[in-house]
Structure formats: structure tokens, C-alpha cells
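First comes the structure, then the notes that go with it.
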Amino acid sequence: MTCEDAHLNMHDYISGELAAEQQKPLMDHMDECPNCREFFRQTANIQTTMRDFMQYKAPHELQNAVSSILANA
Ligand SMILES: [Zn+2]
């Protein structure tokens, strides 16, 4: 596996779309490749942050406040 392949597979792995039989070659590559380990760590952090952000729901009061501001605009 090349580093380029590894990077592509990482995105699928983090989003849970990487086939089980493709996970081992990726893990083997990261065992040998510090660059890809670091890239994976950073990519995983960004994805987790994005997911938490997307799941964030505005509190009800804030939604109501925004709605009334928009209604009065
Ligand atoms: Zn690599």
C-alpha cells in the first residue's frame, strides 16, 4: 500500500465505510509509516470535531429567539 492509498482508506475507515478486509493492510501500513500515523491522528481529530459540531443542536430558547428576530426583521 502506498501512502496515497493509505490516506484514501483512512477517510473511509473513519467514516466506517472501509471493508473489513481492507482494514488490515491500512493498519499494517500505519505500523510502518510514522507519517501516515500522524496523518491518521489529525484526520480522526478533524472528523470527530466535525461530527460533534454537526450533532450540536441549538437550545430551544436560542431557536425561539432567532425565530422571533427573523419574524420581526
Ligand atoms: Zn504512509
Put +1 on the Cβ of every Lys and Arg and -1 on every Asp and Glu Cβ in the range 3-72; which of Asn72, Gly16, Pro34 then has its Cα farthest towards the positive end of the dipole? Asn72
As an exercise, identify the chymotrypsin sites (Phe, Trp or Tyr not before Pro) in the chain lying in DSSP coil whose Cβ has no more than 12 other Cβ atoms within 10 Å. Tyr56
To the nearest 20 debye, what is the magnitude of the charge dipole of the chain about its Cα centre, counting +1 on the Cβ of each Lys and Arg and -1 on the Cβ of each Asp and Glu? 420
What residue among Pro25, Gln63, Ala6 has its Cα farthest toward the positive end of the dipole of the chain, where the charges are +1 on Lys, Arg and -1 on Asp, Glu, each on the Cβ? Gln63
How high is the relative contact order of the chain, in percent, with contacts defined as C-alpha pairs under 8 Å that are six or more residues apart? 28
In the range 23-69, which trypsin sites (Lys or Arg not before Pro) are in a loop and have at most 12 other Cβ atoms within 10 Å, using DSSP for the loop call? Lys57
For the chain, what is the convex hull (Cα atoms) projected area averaged across all directions, in square nanometres? 7.0
Restricting attention to the chain, give the cysteines that have no other cysteine Cβ less than 4.7 angstrom from their Cβ. Cys3
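Every number here is computed from the coordinates shown, using simple stated rules; none is lab data. Computed from a predicted model, the values in this text were never measured in an experiment. Using ideal geometry, Cβ is built from the backbone for each residue, glycine included, and neighbour counts are taken over all protein chains shown.
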